[in-house]
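The values are calculated or read from the model by the stated rules, or taken from the named source; none is laboratory data. Predicted model only: the values in this text are computed from it and were never measured. With ideal geometry, Cβ positions are generated from the backbone for all residues, glycine too; neighbour counts draw on all protein chains shown.
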Amino acid sequence: MPTTEKLPLEIVRDWFKGVEEPARGVMALFVMVRIQDPDGLASWEDVFCEWLSARLDYFKHLGRTLQVRGLIDFILAEMGSDQYWEHALNKQLEMIEHEQTPKMVRQMVNKHLPAMPKAKEVWFQTAESWEDLRSNYLTDERLWMWEREMERRFSPV
């Protein structure tokens, strides 16, 4: 299997830039709050792309790749499942029907409820495209091969 000229994190970054909203913003937030504290007013998407673009030695690059792969796997295992969306819909309907839910909250839920099918579709497409990317470029085998290639190129021995 030939190595790619793109670095693994560049592959993830390029994939992420093609992710649609609402998955894009939520995923960036989900990953970054588990990695670092908020830094100023920058958008989570920008912070995430910067984090993916950092110049690192190949050991740290591989570590960061494994970290982001695991976090994206984790969020997409939930957000890319029918069970999640059934639960989310049921919770929103409960909020609307519950007498003690403030009127403003019910109105907000009613306003966002029609967007759920599109959001679900986006998350499912995102999960599918991630699985394609992961199985082609981010498998353990592929990353081991990349690491060996980096060792060959940059090792003093």
Fill in: Residue list for region 19-45, filter: charged (D, E, K, R), at pLDDT 90 or above and in a loop (DSSP other than H, G, I, E, B)
E20, E21, R34
Discussion item. I'd like to check something: does region 106-122 contain any residue that is within 23 Å of W15 (Cα to Cα) and touching a residue at least 60 places away in the same chain (Cβ under 8 Å)?
Written reply: yes
Worksheet item: If a residue has to be surrounded by fewer than 18 Cβ atoms within 10 Å (Cβ to Cβ) and within 10 Å of the chain's Cα centre (by Cα) to count, how many in region 1-25 make the cut?
Response: 1
Worksheet item: Name the pairs: first residue in region 26-39 and without any contact (Cβ under 8 Å) to a residue 24 or more places away in the chain, second residue among the acidic types (D, E), Cβ to Cβ under 8 Å, at least 6 apart or on different chains?
Response: A28/E45
Worksheet item: When you scan region 31-67, how many residues do you find that are within 28 Å of M116 (Cα to Cα) and surrounded by 18 or more Cβ atoms within 10 Å (Cβ to Cβ)?
Response: 6
Fill in: Subset of region 57-74 (residues that are modelled with pLDDT of 95 or more and farther than 17 Å from F16 by Cβ)
K60, L62, G63
Item to complete: Being more than 17 Å from L76 (Cα to Cα) and not in a loop (DSSP other than H, G, I, E, B) is the filter here, so list the residues in region 3-18 that pass it.
Response: P8, L9, E10, I11, D14
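Which residues, counting only those in region 46-64, are part of a helix (DSSP H, G or I) and basic (K, R)?
Those that are part of a helix (DSSP H, G or I) and basic (K, R): K60, R64.
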